[in-house]
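Structure record follows, encoded as structure tokens.
The values are calculated or read from the model by the stated rules, or taken from the named source; none is laboratory data. This structure is a prediction, so every number in the text was calculated from the model and none was measured. For neighbour counting, all protein chains shown are included, and Cβ atoms are generated from backbone atoms with ideal geometry for every residue, glycine included. Side chains are part of the model used for accessible areas, which takes the heavy atoms of the whole protein and leaves out ligands, DNA and RNA. Shrake-Rupley method; radii C 1.70, N 1.55, O 1.52, S 1.80 Å.
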Amino acid sequence: MIRIVIAEDQQMLLGAFGSLLNLEEDMEVVGKATNGEEAVALVRKQQPDICIMDIEMPGKTGLEAAEELKGLTCKVIILTTFARTGYFQRALKAGVRGYLLKDSPSEELASSIRRVMAGKRIYAPELMDDVYSEENPLTDREKEVLELVADGKNTQEIAEQLSIKTGTVRNYISTILDKLDVKNRIEAIKQSKEKGWFK
């Protein structure tokens, strides 16, 4: 019997996934969570074979929960509406075994679970095309500057921390905005987060 924990913040979907999987003869849903924290606690308590995880959940996201569960015997499958390259790259780094989209046919979920249990990795094909085309265009120093901006540091503080002049910091920031083709720092941070470029 394949023991499964499901994490999904939409109650109706959570119930539907649970009912669907319990209909399978070789599967049993042993726990349901509505956020990432509950999912991690349930996985540690129930020791399931598989944890099916949504990404955007309150408190701790599915990706944060997957990162926390990395290294455990439970295999994580992300099930989301978001076909975002950044999310996918982060999921890969967290060692998830599957990344499926919610608009896939329902029977695909059960067969994907069985294939993951057999040691395979299952990723939505539309993500595989994107992942190889999107490299972070920023240099290491530019990444460092943007991460400090994201931490809320101002130009002066960044200059002091990196032992460079404030004018140099401004140059870096304008280069970053050009390369990412965004209008301001907030958009640069948002895009880098969505693409999974932050550490």
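Only residues that are buried (at least 21 other Cβ atoms within 10 Å of the Cβ) and either more than 19 Å from Tyr87 (Cα to Cα) or of a type in the set (A, V, I, L, M) (or both): list them for region 43-55, please.
Val43, Pro48, Ile50, Ile52, Met53, Ile55
Just give me the residues in region 56-75 being out of contact with any Asp or Glu (no Cβ under 8 Å at 6 or more places or on another chain), open to solvent by 10 Å² or more (accessible area, probe 1.4 Å) and either assigned to a strand (DSSP E or B) or within 22 Å of Leu13 (Cα to Cα) (or both), in sequence order.
Thr61, Glu64
Only one of these conditions is not met by Val96: (1) assigned to a loop (DSSP other than H, G, I, E, B); (2) open to solvent by 40 Å² or more (accessible area, probe 1.4 Å); (3) not aromatic (Phe, Trp, Tyr). Which number is it?
So the condition that Val96 fails would be (2).
Quick check on region 17-42: of everything there that is open to solvent by 50 Å² or more (accessible area, probe 1.4 Å) and in a helix (DSSP H, G or I), which residue is nearest to Ala65 (Cα to Cα)?
Per the criteria, the residue is Glu37.
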